[in-house]
Amino acid sequence: MIDLGPVCRATARVAVGVPDERLDGPTPCPAYTVRDILAHLAGLTIAFRDAAGKKRGPTTDTAPEPGNLPVLEEGWREALPRQLDELAAVWRDPAAWQGGTRVGGVDLPGEVAGVVALNEVLVHGWDVARATGQVYEADEAGLRASYGMLSAPLPAEGIFGPPLAVDGDAPLLDQVIGLSGRRPDWLPGV
């Protein structure tokens, strides 16, 4: 088991720090604005929360559709931090990590789904931080779990873009970001 709490708290801090004027700005994901990534985070927190509880239904059975960008709902500044707290809380239950579950229309072992949830929150939290000029402070355990998942041949393939080479001496966060297909030195407008 990995505690998703530190990564969820880091992402919540970044999310509430997004100025309104940056919501439509670019991100390290070329097809997504800051608003789109925040909406994606809001949706995935619910999907992975329900996956931890082994719930089946629209939140876990529906695969993200390419080109169908999520909508950021009113009240997201209050809702997203609460949802991130809920996500971390449900993954503290050992039962969440056992057996099988479903998320994004894909059946996965609970232990894999938990790491995928952590990785999604970590990488997209970094996306928002980078796009809005904030610092993203990921915890060592979360970074190691994401690195392990992204550097394994399966099931990480296809989750993000093709990995980018990053110096082996680079900070672990930069290595994780490179494995997710992003440039660790990405800046808006550069």
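Beta carbons closer than 9 Å, at least 6 apart along the sequence or on distinct chains, pair a first residue in segment 1-21 that is in contact (Cβ under 8 Å) with a residue 24 or more places away in the chain with a second that is of a type in the set (S, T, Y) and buried (at least 24 other Cβ atoms within 10 Å of the Cβ) for V7/S146; C8/T45.
Restricting segment 151-190 to residues that are under 19 Å from the mean Cα position of the chain (by Cα) and among the β-branched types (V, I, T), the residue that is modelled with the lowest pLDDT is I159. Look at (1) farther than 23 Å from A51 by Cβ; (2) part of a helix (DSSP H, G or I) and you find that E120 fails only one, number (1).
Just need a number here: residues in segment 63-93 that are farther than 16 Å from G17 by Cα and in contact with a helix residue (DSSP H, G or I) (Cβ under 9 Å, 6 or more places away or on another chain). Residues meeting the conditions: 15. One residue stands out among those in segment 45-71 that are at pLDDT 95 or above and surrounded by 19 or more Cβ atoms within 10 Å (Cβ to Cβ): the one that is nearest to A129 (Cα to Cα), which is T45.
In segment 90-102, which residues are part of a strand (DSSP E or B) and either modelled with pLDDT under 95 or not β-branched (V, I, T) (or both)?
Within segment 90-102, the subset part of a strand (DSSP E or B) is 100-102.
Answer for segment 90-102, where residues must be part of a strand (DSSP E or B) and either modelled with pLDDT under 95 or not β-branched (V, I, T) (or both): G100, R102.
The values are calculated or read from the model by the stated rules, or taken from the named source; none is laboratory data. Fair warning: this is a prediction, and the values are worked out from it, not measured in the lab. All Cβ positions, even for glycine, are placed from backbone atoms using ideal geometry, and neighbour counts span all protein chains on display.
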